[in-house]
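The values are calculated or read from the model by the stated rules, or taken from the named source; none is laboratory data. Predicted, not measured: the structure shown is a model, and the values here were computed from it. All Cβ positions, glycine included, derive from the backbone under ideal geometry; neighbour counts span all protein chains shown.
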Amino acid sequence: MIHKASLIYVDGSSDLNIFGGRFFYLRTVNAMIMANKEDRFQGVDYYSLDDLLTEEHKLIRDAARAWVKKEVSPIIEEAYEKAEFPRHLIQGLADIGAFGPYIPEQYGGPGLDQISYGLIMQELERGDSGLRSTASVQSSLVMYPIYAYGSEEQKMKYLPKLASGEMIGCFGLTEPDHGSNPGAMVSNFKDDGDHVILNGAKMWISNAPFADIAIVWAKNEEGRIHGLIVERGMAGFTTPTMHGKWSLRASDTGELVFQDVRVPKANILPNKSGLGAPLGCLDSARYGISWGAIGAAMDCYDAALRYSKERKQFGRPIGGFQLQQKKLAEMVTEITKAQLMVHRLGQLKNEGRATSAQISMAKRNSVEIAIHIARESRTILGGMGITNEYPIMRHMMNLESVLTYEGTHDIHLLITGLDITGESAFK
């Protein structure tokens, strides 16, 4: 049986609220699914961290949370099982400001701060890591390099369409033989008058199968890395879909293959080159993940806590037993510590003071605690924890990918090691 709730209008007349000159999608959940599937998540805030947020921050987070409850939670398990990305959600992602939240309004973005960006990523990954990946790639790996490194013409041509969801992008850095060492890439381009000729291949690319554009990193004839905007439809450019994933199944992953692709020189990002350019994009993406992974951890903890209060064995709720309380207490402690870390990191990002090493630490920590919490939550649910009646196993499998992409767990440890000792362990 499906129950319907009234549509709530923030201003009494519309489900779109104008707040500080920006539009936010504020429709609350107006339908609930069956009782055992109902999304009852209310958040995890053991240290009253809401007190550190502005009213605008809370409005943005709550709008994203309401959208996830209404649009994502009822369909995500089926999408995951079918290994299909629910493309109908793209417009909703644009409506809640998930595409380029920090991009200025003059280029079609909401013009929000970095904490707002983090909160949106948190709520999206609470729904599913694959969904957050779609928004994170669009924001940090496509829109960010165009905004930070692109010409004014490139910004005006692409950013408004990317912000509105009319256009979707992907990011091509990782290659079949070069992941943690992207500087060794073999993708390259050669001069051809007003164009360049691009050859090479990229692998493990989120959004690739349906992306309209790709930000591709390749070496020129001198071996210098540059970013190019490659558009779907350019001759020789193909995006085969990758199959057989047990993780991020509700996210489309593919390859980017370039066979003598003629790319206009006007599509080369002019304002930054070298390996530092794509790594700057990864800083933004890793920052979003540091918030997002906490969302997955919160969802697992919430499911385990609720189950521990409802499931009875030996005549009492299992939440009353010492070992289960130990697990839950450790979970909420690690979530709280991670929340404090990313909030401070967000403040530093807003001030332009966050370092790559600080972002790296937060990404690694958030994912590590999230995957541990997912595994511990599963044990509290016992056999039910492996079913799609609950989100835990899906989060656990997703987090195995998040542990690896945007810099592996081990690489991030070495980044911290380099930062504190001054000695590189990479070579």
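What to note about this one:
- Scanning the stretch 352-382 for residues that are of a type in the set (D, E, K, R) and either on the phi > 0 side of the Ramachandran plot or not in a loop (DSSP other than H, G, I, E, B) (or both) gives K363, R364, E368, R375, E376, R378.
- When residues of the stretch 161-189 are limited to those that are among the charged types (D, E, K, R) and surrounded by 13 or more Cβ atoms within 10 Å (Cβ to Cβ), the one farthest from S273 (Cα to Cα): E166
- Test for S251: is it surrounded by 22 or more Cβ atoms within 10 Å (Cβ to Cβ), within 30 Å of K349 (Cβ to Cβ), among the small types (G, A, S) and in the same structural domain as P176 (by TED's automatic domain parsing): yes
- Test for G288: is it assigned by TED's automatic domain parsing to the domain that holds S366, assigned to a helix (DSSP H, G or I) and either touching a Leu at 6+ places or on another chain (Cβ under 7 Å) or exposed (fewer than 15 other Cβ atoms within 10 Å of the Cβ) (or both): no
- One residue from S116, S139, S129 being under 10 Å from the mean Cα position of the chain (by Cα), farther than 26 Å from M393 by Cα and either touching a residue at least 60 places away in the same chain (Cβ under 8 Å) or crowded, with 24+ Cβ neighbours inside 10 Å (or both): S139
- Selection of first residues in the stretch 316-343 that are free of Cβ contacts under 8 Å to residues at least 12 places away in the same chain and of second residues that are in a helix (DSSP H, G or I) and not acidic (D, E), restricted to Cβ pairs under 6 Å at least 6 apart or on distinct chains, gives the following pairs, ordered by first then second residue: P317/K309.
Let's see how each residue does on (1) in the same structural domain as M331 (by TED's automatic domain parsing); (2) buried (at least 22 other Cβ atoms within 10 Å of the Cβ):
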position: S206; (1), (2): no, yes
position: G223; (1), (2): no, no
position: R232; (1), (2): no, no
position: M242; (1), (2): no, no
position: V263; (1), (2): no, yes
position: K312; (1), (2): yes, no
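- Leading residue by the ranking (farthest from M203 (Cα to Cα)) among those in the stretch 383-395 that are without any contact (Cβ under 8 Å) to a residue 40 or more places away in the chain and either part of a helix (DSSP H, G or I) or assigned by TED's automatic domain parsing to the domain that holds E77 (or both): G383
- Each residue in the stretch 217-240 was checked for being free of Cβ contacts under 8 Å to residues at least 12 places away in the same chain and of a type in the set (G, A, S), and 2 of them qualify.
- Taking the numbered list (1) more than 30 Å from A250 (Cβ to Cβ); (2) in contact with a Ser or Thr (Cβ under 9 Å, 6 or more places away or on another chain) in turn, C170 passes all entries but (1).
- Taking the stretch 70-101 as the range and being more than 15 Å from L124 (Cβ to Cβ) and part of a loop (DSSP other than H, G, I, E, B) as the test, the residues that pass are P74, A83, E84.
- Residues within the stretch 74-93 that are over 23 Å from R40 (Cα atoms) and either crowded, with 22+ Cβ neighbours inside 10 Å or touching a strand residue (DSSP E or B) at 6+ places or on another chain (Cβ under 9 Å) (or both), tallied: 1
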